[in-house]
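Q: Mind looking over this structure? Questions follow.
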């Protein structure tokens, strides 16, 4: 199972997801068009996560899951 936490711009959310399902099961997503995309990049950039973790969530996990 993979999760795509989206639409909740709360810094506690990434930590909760990591603690619950682990780093290898999270892919970054937004709920467009239901949630605008304007605050997504700044929110993720401010997340209190190491850069290597951000890379896995932002694209590496999805690339592995989708075999890209």
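Q: Work out, step by step, the length gained on full extension between residue 31 and residue 47: first 0.36 nm times the residue separation, then minus their alpha carbon distance; give nm to one decimal.
A: On the way: separation 16, 0.36 × 16 = 5.76 nm, distance 1.83 nm.
This chain segment gains 3.9 nm when fully extended.
Q: Let me ask something else. In deg cm²/dmol, rounded to 500, what helix-only [θ] at 222 nm does the chain give when every DSSP H run of at least 4 residues adds -39500 (n - 2.57) and the total is split over its residues? Intermediate results must be reported in sequence, preceding the final value.
A: Details: 4 runs with 28 residues, N = 68.
So the helix-based figure for the chain works out to -10500 deg cm²/dmol.
Q: Oh, and also: What number do you get for the chain when its Cα radius of gyration is normalised by 2.2 N^0.38 Å, N = residues?
A: Details: Rg = 11.4 Å, N = 68, 2.2 N^0.38 = 10.9 Å.
Normalised Cα radius of gyration, the chain: 1.04.
None of the figures in this text is laboratory data; all of them are computed from the coordinates on show. Because the structure is a prediction, the values reported are computed rather than measured.
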